[in-house]
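J.: Before we start, here is the structure in question, set down as C-alpha cells.
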Amino acid sequence: MKKTAFLFPGQGSQYVGMGLDLYQKYDYVKKSFDMAEDITGIKLSDLCFTGPVKDLTETINLQPAITLVNLACLLVLQSKGFHPDISAGHSLGEYSALYAAGIISQEDTIKLVFKRGRLMHREACKNQGAMSAIIGLGIDDVVDIVNKAQEYGIISVANHNSEKQIVITGEPEPVKKAGLLASEQKGKAIPLKVSGAWHSQLIKGAEQEFMEFMDTISFNAPESGVIHNVCADFVKEPGDIKAVMVKQLCSPVRWYDSVNKMMDEKIEIFVELGPGKVLSGLLKKIIPKDFPCKIFNVSDIKSLENFCKQAAS
C-alpha cells in the first residue's frame, strides 16, 4: 500500500451521534466503549450518541468521548488490515496517535485523556481564559502581535493550524487586544467558544500532576512513526515521548509544520480518523495542489466503506 498517515482530531470536532453506527455494527467497538465507561465512570455512549451537546462539550467528558470515536475508527481500519506508516494528532488527538503507533495501550489512552481533561478543567476554573483564531496573517506577524499584547497579561500562540490560520490563547484582555491589533493589519480575529485557555501558561498548574500520573503509565518504543505537536518531528525514546506529551499541555500545536514534515516524508495517503473533517480541511489548505496525494476522512460506516473501496483500487 502507498505510504499512509493516520491523523486524529481533537476538541472542536465533536457532534452528537458520533460513532453510533460503528458502535452498533462492531462488537469490539462496543467493548471499547464499555472499557472507557468503566475507567471514567461516565456514560460516554449516551453523551456521544444522544448528547446533550452542552454536556458532551465539557472538557472532562469531551476528551475521552472524542478519543473513543477516534479509536473506534482506528480499530475498524486495523481489523481490515490498514496500518499507518506515520500517525499524528491535533492536540488531544495526539493520544490516539500514540495508540496507533503501539506506544500505549487502549486502556492507558483513555486513562491519560481522562486525567488530562480533569486537570485542564481544574486549571480553567482557577484561571479565566480566552482563545481566538487569527485568519489572514502569517506566524511571524501573529507572534509579533502576541509579543505586543503581552503587556496586558498572559497570551501566547496555541495552534499554528495552516499558513494563515493561527489560534491565540491566554487571559481575556490581551487576547482581545491582540484581536484588535490583528484587525489593524487586515487580519481577522474570531473568538472561539472554549472553557479555558488551552495550550497557555494559564494551565501550567496541571503539568506536575500530569507528569506524575504519566510516570505510572507504561510507554513502549513506537512501532511506527509519530509526528508530535511540540516539535513537529519524531521522538523515539519512551521517556522522551512522555516528556513531550507533558510539555504539549502548555506548548503550541505546530500542525502546519507537522503536515509539512509529512510531505517531506513523502506521504501519499492522508486519512483523518474520527469525528468531523477539521483536519481534512486544514490539509487542503496546507498541501499544494500539485503534491501527489489523496485525502480521506473515516468517521462512520459510509466514509469507511468509501476509503476501503478507494484504497483497494
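J.: Does Ser156 satisfy being part of a strand (DSSP E or B), under 30 Å from Glu265 (Cβ atoms) and in contact (Cβ under 8 Å) with a residue 12 or more places away in the chain? Give the steps one after another, and end with the answer.
T.: Working: part of a strand (DSSP E or B): yes; under 30 Å from Glu265 (Cβ atoms): yes; in contact (Cβ under 8 Å) with a residue 12 or more places away in the chain: yes.
The answer is yes for Ser156.
J.: Looking only at residues that are touching a residue at least 24 places away in the same chain (Cβ under 8 Å) and part of a helix (DSSP H, G or I) in the range 212-242, which one is surrounded by the most Cβ atoms within 10 Å (Cβ to Cβ)? Explain how you work it out, then say what you get.
T.: Pass one, the range 212-242, residues touching a residue at least 24 places away in the same chain (Cβ under 8 Å): 213-215, 217-230, 232-233, 238, 241-242.
Remaining after also requiring part of a helix (DSSP H, G or I): 213-214, 238, 241-242.
Values: Phe213: 16, Met214: 20, Pro238: 15, Ile241: 23, Lys242: 18.
The selected residue is Ile241.
J.: Oh, and also: Looking at the range 95-107, can you tell me whether even one residue there is touching a Gly at 6+ places or on another chain (Cβ under 8 Å), on the phi > 0 side of the Ramachandran plot and in a helix (DSSP H, G or I)?
T.: There is no residue in the range 95-107 that is touching a Gly at 6+ places or on another chain (Cβ under 8 Å), on the phi > 0 side of the Ramachandran plot and in a helix (DSSP H, G or I).
J.: Got a sec? Which helices (runs of 4 or more DSSP H) wholly within the range 15-55 have at least 2 residues that are within 19 Å of the chain's Cα centre (by Cα)?
T.: Working: elements: 20-25, 27-40, 44-50.
Those helices (runs of 4 or more DSSP H) span 44-50.
J.: Keeping to the range 169-204, report how many residues are surrounded by fewer than 19 Cβ atoms within 10 Å (Cβ to Cβ) and farther than 17 Å from Gly153 by Cα.
T.: Adding up the residues that qualify gives 10.
J.: Mind listing whichever residues of the range 230-250 are under 13 Å from the mean Cα position of the chain (by Cα) and within 16 Å of Arg116 (Cα to Cα)? It would help to see each step written out before you state the result.
T.: In the first step, residues of the range 230-250 are kept if they are under 13 Å from the mean Cα position of the chain (by Cα); the result is 230, 245, 248-249.
Once the filter is applied, which keeps residues that are under 13 Å from the mean Cα position of the chain (by Cα) and within 16 Å of Arg116 (Cα to Cα), the range 230-250 yields Met245, Gln248, Leu249.
J.: Of everything in the range 245-303 that's of a type in the set (Asp, Glu) and assigned to a loop (DSSP other than H, G, I, E, B), which residue is surrounded by the fewest Cβ atoms within 10 Å (Cβ to Cβ)?
T.: Within the range 245-303, the first condition is being of a type in the set (Asp, Glu), and the residues that meet it are 257, 264-265, 268, 272, 290, 300.
Still in the list and also assigned to a loop (DSSP other than H, G, I, E, B): 265, 268, 290, 300.
Details: Glu265: 14, Glu268: 14, Asp290: 5, Asp300: 19.
This residue is Asp290.
J.: Select, from Phe291, Phe307, Phe270, Phe296, the only residue that is among the aromatic types (Phe, Trp, Tyr) and out of contact with any Phe, Trp or Tyr (no Cβ under 9 Å at 6 or more places or on another chain).
T.: On the way: Phe307 fails: out of contact with any Phe, Trp or Tyr (no Cβ under 9 Å at 6 or more places or on another chain); Phe270 fails: out of contact with any Phe, Trp or Tyr (no Cβ under 9 Å at 6 or more places or on another chain); Phe296 fails: out of contact with any Phe, Trp or Tyr (no Cβ under 9 Å at 6 or more places or on another chain).
Exactly one residue qualifies, and that residue is Phe291.
J.: Which residue pairs have Cβ atoms under 7 Å apart, sit 6 or more places apart or on different chains, and have a first residue in the range 3-29 that is over 18 Å from Ser280 (Cβ atoms) and in contact (Cβ under 8 Å) with a residue 12 or more places away in the chain and a second that is surrounded by fewer than 17 Cβ atoms within 10 Å (Cβ to Cβ) and among the hydroxyl-bearing types (Ser, Thr, Tyr)?
T.: Matching pairs, first to second residue: Val16/Thr50.
J.: Being surrounded by fewer than 19 Cβ atoms within 10 Å (Cβ to Cβ), among the hydroxyl-bearing types (Ser, Thr, Tyr) and under 23 Å from Ile286 (Cα atoms) is the filter here; which residues of the range 145-168 pass it?
T.: Taking the range 145-168 first, the residues surrounded by fewer than 19 Cβ atoms within 10 Å (Cβ to Cβ) are 147-148, 150-153, 162-164.
Now drop any that are not among the hydroxyl-bearing types (Ser, Thr, Tyr), which leaves 152, 162.
Across the range 145-168, the qualifying residue is only Ser162.
J.: Let me ask something else. What number of residues within the range 272-313 are under 18 Å from the mean Cα position of the chain (by Cα), over 17 Å from Ser87 (Cα atoms) and among the small types (Gly, Ala, Ser)?
T.: 2
J.: Any idea which of Val53, Val113, Val76 is crowded, with 23+ Cβ neighbours inside 10 Å, of a type in the set (Val, Ile, Thr) and touching a residue at least 24 places away in the same chain (Cβ under 8 Å)?
T.: Numbers: Val53 fails: crowded, with 23+ Cβ neighbours inside 10 Å; Val76 fails: crowded, with 23+ Cβ neighbours inside 10 Å.
Unique residue meeting the criteria: Val113.
We did not get these values from a lab; they are worked out from the coordinates using the rules stated. What you see is a predicted model; the values in this text were computed from it and never measured. So basically every Cβ, Gly included, is an ideal-geometry build from the backbone, and we count neighbours across all protein chains shown.
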